[in-house]
1. What is the distance in Å between the Cα centroid of segment 240-290 and that of segment 154-210?
2. Among 302-308, 264-270, 43-49, how do they line up by average Cβ neighbours within 10 Å per residue, starting with the highest?
3. Enumerate by residue number the trypsin sites (Lys or Arg not before Pro) in segment 145-204 meeting two conditions: DSSP loop (anything except H, G, I, E, B), and at most 16 other Cβ atoms within 10 Å of the site's Cβ.
4. Rounded to the nearest Å, what's the spacing between the alpha carbon centres of segment 135-152 and segment 338-404? Just the number, please.
5. Lys/Arg Cβ at +1, Asp/Glu Cβ at -1, dipole of the chain taken about the Cα centre: which of G272, Q257, A209 is farthest positive-ward?
6. For the chain, find the longest principal axis of its Cα atoms and tell me its angle to the long axis of helix 250-270, 0 to 90°, nearest 10.
7. Using Cα atoms only, what is the angle between the long axis of helix 110-176 and the major principal axis of the chain, expressed in degrees (0 to 90) to the nearest 10?
8. Pairs to check: K201/K367; K77/K119; K201/K408. Give those whose C-alpha atoms are more than 27 Å from each other in this structure.
Amino acid sequence: MRNIFLLLSGVGLMMTVVLSSGVCAADGFSGQLTLQDCLVRAQARSEMLRIQVGKQDEAAARLKQARGGVLPDVRFKVAKTLRDSAGNTVAGDQTDSRFAVTQPLFSGFRRVQGIDLAKSELTKENYNYADINRDVREQVIRAFYTLAAIDAVRVNIQTTAQSMSVRLKELGDRVRLGKSRDSEVLMTESQLAALYAQNEKSGGDRAGAVEAVSFLTDVPAAGLTVQDDHATIRELPAMTSFTEKLNNRADIQSAQQSLLSQSLRVGIVAGGLLPTLDFNGSWYTLRSGSLANSSWEALLSLDVPLFQGGIARGRVNEEKARLREAEQTVSLLTRAAGSLLRTRYEAAASSIKQATAYTDAFEKASKSYQMQLRDYQYGLVNNLDVIQALLSMLDVKQNMDTALIQVKLDKALLEEAVR
C-alpha cells in the first residue's frame, strides 16, 4: 500500500510535539480545521493566486487599450511659429490652433484581431488562475490528510500503550503470586518502550505535517489540529463521470486559449501584407498665413506595401511555426490529463479495496485479541500470546486507518484532476 507519509516530500519532520486538541487562533478562528476550512484559508492566503490576479488585471488593461485602437484619436493642438521675416518676403510669427482627428479606416483587420487577441489573453489568464488554484488545493489536500493520518497513528499507539500498561500492572501482580515469570514482565516492558519510541517519532512527524498545514493556511502551528469530517468512501462514481469533465480542466482550456491567441497573431502579422487606409481631419480655430481663411482640411492616406525584402513573409512563417507548437501543446496536455485521471482513478479504486480488506482484517484481529484475553484468564495461553495478539491488532488497525484516509485523499485528488 502506498505510504501516506511520503505525500509531503521535502518537509522536515524532526520536531517533537505532543498530540493535543489545542485551539487555533488566527483571524478569529478557534477549534479544529476541517478540510474545507483549510482550502478556504489557503486560497485567501496564497501569494501565487494574488500574483495571478495582478496578471488578470494587466490583461484587462491590454484589452481596454486594444479597443481604444479602433476609436478616433481627437486632439486640440496649438502651434506658435517664430521665424525671421527675411526682409518681409515671408510671413513672420504665426499662430495656429486646431482640433485634429485621426481615424484608422482599414489596417488589414489587424486592429479588430488585436481586440480578439486581447480577449483571448484575458480568458487565458482567468484559466491560469483556476489552474493555480487547483495546484493550491492539491497541496492543501495532501497536507491535511497527511496530518490526519499521523494523528490516527498516534491515537492507535497511545491506546495500545495504555492497554500494555494495564497488562504490565496485572503481570506484576501475577509475578508476586508466582503465576507469571519475570521474563514476561521484561518482554512487556520492552514492547511498551518500543511503543513510547514510536509515539515520539510520530510526534516529530506530526510537527512537520502541522507546519505544512500552517504554512498553507496561515494558521499558527501551535495548537493546530484537524478534523476529518468526510464520511467513509465505499465506492467510486463511474469513470465516465470524470472523463466527461476532462476537457474542462483549467490547464487544457488555457492551452486552447493560447492556441487561439497564436492563430490571431498569425492573422495580425499577415495583415501587414495588406494596404492600410487612414483618415486625418483638422478644424482650425485660428490659422495664420496664406491659408488663414481656410478653416478645415481632410486627408485620406492609403499605404500599399509592395516589397519588404521578404521580412513580412518571414514573420508570418515564424508565427505559423509557433501555431504548430501551440497545437502540440494542447495535444500533450490533453493526453497527460487523461493519463493522470486514469492513474488517480485506479489508485482510488485500489485504496477502496485495501481499506475494505483491512477493515475485515481488523474485525478478525479484534476478535482474536478478545479470545486471547479470555483464554489467558483460564490459563490456556501465556501473557506473550496476549501481547502478540494486541500488537497484531494495533498493526492491522494502523493499516486500516491509513487505508481509510488514503481513500479520501485519492478521491479528493481524483476530483481535482478534472478541475
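1. Measuring centre to centre over Cα atoms gives 72 Å.
2. Details: 302-308: 9.1, 264-270: 20.7, 43-49: 14.3.
Taking the mean over residues of other Cβ atoms within 10 Å, the ranking is 264-270, 43-49, 302-308.
3. Working: sites: R154, R167, K169, R174, R176, K179, R181, K201; in loops: K179, R181.
Of the trypsin sites (Lys or Arg not before Pro), the ones in loops of segment 145-204 whose Cβ has at most 16 other Cβ atoms within 10 Å are K179, R181.
4. For segment 135-152 versus segment 338-404, the Cα centre distance is 23 Å.
5. Among G272, Q257, A209, the one farthest towards the positive end of the dipole of the chain is G272.
6. Long axis of 250-270 versus the principal axis of the chain: about 20 degrees.
7. 10 degrees
8. On the way: K201/K367 29 Å; K77/K119 34 Å; K201/K408 24 Å.
With Cα atoms farther than 27 Å apart: K201/K367; K77/K119.
A short reminder: the numbers here are calculations on the coordinates, not readings from a lab. Because the structure is predicted, anything quoted here is derived from the model rather than measured. In this analysis, Cβ positions are derived from the backbone assuming ideal geometry, glycine residues included, and neighbour counts consider all displayed protein chains.
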